[in-house]
Amino acid sequence: MPAVQETIDQVRSIDVDQYKYGFETEVEMEKAPKGLSEDVIRFISAKKGEPEWMLQWRLDAYKRWLTMREPNWARVSYDKVDYNDIYYYAAPKKNPAPKSLDEVDPEILKTYEKLGIPLREQEILAGVEPQNRVAVDAVFDSVSVATTFKEELKKAGVIFMPISEAIREYPDLVKQYLGSVVPVTDNFFATLNSAVFTDGSFVYIPPGVRCPMELSTYFRINEKNTGQFERTLIIADKGSYVSYLEGCTAPKRDENQLHAAVVELIALDDAEIKYSTVQNWYPGDSEGRGGIYNFVTKRGDCRGKNSVITWTQVETGSAITWKYPSCILRGDNSRGEFYSIAVSNGKQQVDSGTKMIHLGKNTTSRIISKGIAAGKSDNTYRGLVSAHRKATGARNFTNCDSLLIGNECGAHTVPYIESKNATAVFEHEATTSKISEDQMFYCQQRGLSEEEATALIVNGFVKDVLQQLPMEFAVEAQKLISISLEGSVG
Amino acid sequence: MLEIKNLVVQIEDKRILNGLNLTVNNGEVAAIMGPNGSGKSTLSYVIAGKEDYEVLDGEILLDGQNVLEMEPDARAAAGIFLAFQYPLEIPGVASMTFLKAALNAQRKARGEDELTTPDFIKRVNAAATQLEIPKDMLKRALNVGFSGGEKKRMEILQMALLQPTFCILDETDSGLDIDALRIVSEGVNALRSPDRSFLVITHYQRLLNHIVPDTVHVMSAGRIVKSGGKELALELEANGYADYRESEAA
């Protein structure tokens, strides 16, 4: 989604305030000055009605960020990002939003069709201008849907709202947990996010509550655009359970090339969080032009004993993916899981994996990673499993499989394993395979087309991970993987 | 009916088939025998449409239609089935899933409706029972960890389900014990019908005791060098291929 709709609205709503902050006065310009400065941060904090501590937090992050360097250890290469050439608050609009679907890239529309997405929903995903979206809402009845969900959640005591609202309404909770898993100083992109994040989700599940439904950003996206610097904070209090779905399976029109999101999960004693992602942003054209740079920091803290955090991801989009959803296994007997399918085609570059940090006693972790590289793409699994001195009885099982389609792609596996406790047991399995011509011929001899055969073989390859996704998501994810690999054979 | 006319095929500049002629009529079971390296497996791959083989001359007509122009999946939909000598493994894909995908792909290609799941399961179960294939085998990933006999039975199960009109059995007897040979042969015999023909490729007479052919062809150096009735197989069993190897040298 164009993350910027909200900021456009904000800038539109500026009147005299803008002089104070030195912004351009022409409202129709829909943009704040390029680049990042303290003034810019103060501005957005003020627009969000944030308390002083939040502003200070952002400013500290900004100061820190100025001293940091962009990481360069990942196996990806891209043109240098000029951070002062980015609009942090307004739409860096090269093209105005399409007035109707006629103006949307037909390739994207084709994909919507294949996914079976209703016309009206397509308009939302494609970012068709808001005046049309009113009608969309009516057809969708998303307002009433959202309301029903909200009431049910309220009954259960679950807080699920944009983080900007939570900062105002539940400052104590936010203050207590924000940055407690991914510190402000964590890494270049997380620090940048801390300074400029525009929105995201906030979830709090009270003690002993099993969240009555899967929480999905999908519902929220319809009411509000999320940011290119999205910030998500999920807290599962003692003995609670929540399953959270991020994203949706349709490719989203997005004019922001750089995405740097931060997601923090906190599971207290006996709590469980399942976090599932389908990421399908624009991967760039066949020559590798355009496409999203996705630099995400996702980390879960199993803070309480017996807590569980599960990351499941299906990654098919973005030109560059730099993403390592991790678990800190702090509580005794806590468990971390990471299930990943990363598909790359064209000239996509993926460097993704996880970190399992075993701190508590008898902590366990499990990593199942399936990388599929096609076209001229590069697909790297990078993972760390570590046991600290006190992590007696730590156990990990890692399985990393890579599948190559064609002769011009690359799959790479970079596991780091560190154990400082003699009782820790870590297992690592890895395979790299290719869809063989004989397999293809066998399938075709049975009547499957080349593409059907590829999809079938790939789905077999990723089955272990697909099973981890919520049912309705799994079906869509399966379709999505097939679509992403179209044209990768022959 | 399958007609092969003057088929000349090479792979990596090596001539394998040298002007092969063969006709298999509807309802006919034709056996092809011959020494190692005579081109029997190549013939089966070329009929099914495997890449890597360069067809220099000739044609293959299935009911008058030249299949050489068609992709392997189109040939399958047109009714050609190859039971592989070494069936491939498809990890993570349950046999049941594979069967359904294949059957529906063929039906779609022919413009027929896809089968409903209950209909499909009924058909699979019927075929599986006859081939003594246990249900849990259908849930396992296709051919992964299957014994030699299980793989061959799975091939025949696919044949039974897909109902092809022209079936090629490429050394289906290799790696089978006596019991498996009987089960597989019974499965094949059950599929014999006036509108379905078979090309049975084998080294040994043994299989032909179970699947009794209408015609027997001897292949050598990429050509059919002798044709006859089922008694020809017995003759070969007694005398070996020595006579035909000489003709190869000549």
Tell me the Rg and the Dmax, in Å, that the Cα atoms of segment B:43-125 produce. 14.9, 46
Quick check: residue separation of B:Glu186 and B:Asn125 times 0.36 nm, minus the Cα distance between them. What number comes out in nm? 20.3 nm
Euclidean distance between Cα centres, segment A:332-405 to segment A:292-325, Å: 10
Of all DSSP beta bridges in chain B, antiparallel share, percent nearest 5: 60
Cα convex hull of segment B:119-166 - mean projected area over all directions, nm²: 3.5
Under 5 Å from the placed amide H of B:Ile211, counting only residues 5+ away or on other chains, we find none
May I ask you to evaluate 6.51 cos²θ - 1.76 cosθ + 1.60, the Karplus curve with θ = phi - 60°, for each residue of segment A:47-61 and list the ³J(HN,Hα) values in order in whole Hz, giving x for glycine and proline? 4, 8, x, 7, x, 4, 4, 5, 4, 4, 4, 5, 5, 4, 4
Per-residue ³J(HN,Hα) for segment B:225-230, Karplus 6.51 cos²θ - 1.76 cosθ + 1.60, θ = phi - 60°, Hz, x for Gly and Pro: 9, 7, 10, x, x, 5
Evaluated at q = 0.10, 0.12 Å⁻¹: base-10 log I(q)/I(0), Debye formula over Cα of segment A:302-415: -0.31, -0.43
One quarter of the C-alpha convex hull surface, i.e. the mean projected area of segment A:308-357 in nm², amounts to 3.3
I need the trypsin sites (Lys or Arg not before Pro) found in segment B:65-150, filtered to DSSP loop residues with at most 12 other beta carbons within 10 Å of theirs. B:Arg110
Interchain or long-range residues, amide H under 5 Å from B:Val225's placed H: B:Val218, B:Met219, B:Ser220
Given a Förster distance of 41 angstrom, what is the FRET efficiency for A:Asn399 paired with A:Asp60, based on the Cβ-Cβ distance and rounded to 0.05? 0.50
Got a sec to turn the phi values of segment A:473-479 into Karplus ³J(HN,Hα) couplings, 6.51 cos²θ - 1.76 cosθ + 1.60 with θ = phi - 60°, whole Hz, x for Gly and Pro? 5, 4, 5, 5, 4, 4, 4
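Which of the three applies to segment A:374-449, rounded, prolate or oblate, going by the alpha-carbon gyration tensor with a ≥ b ≥ c and a/c under 1.5 meaning rounded? All intermediate terms of the calculation are to be shown ahead of the outcome.
On the way: a/c = 5.61, a/b = 2.59, b/c = 2.16.
Prolate, because a/c is 1.5 or more and a/b exceeds b/c.
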Which value, to two decimals, describes the C-alpha radius of gyration of segment B:2-249 once divided by 2.2 N^0.38 Å? 1.00
Enumerate the amide H contacts of A:Glu272 below 5 Å, restricted to partners 5 or more residues apart or on another chain; note that Pro and chain-start residues carry no placed amide H. A:Ser240, A:Tyr241, A:Val242, A:Val308
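Every read-out reported here was derived from the displayed coordinates using simple, explicitly stated rules and does not represent laboratory data. Predicted model only: the values in this text are computed from it and were never measured. Positions of Cβ are backbone-derived with ideal geometry, glycine not excepted, and every protein chain shown enters the neighbour counts.
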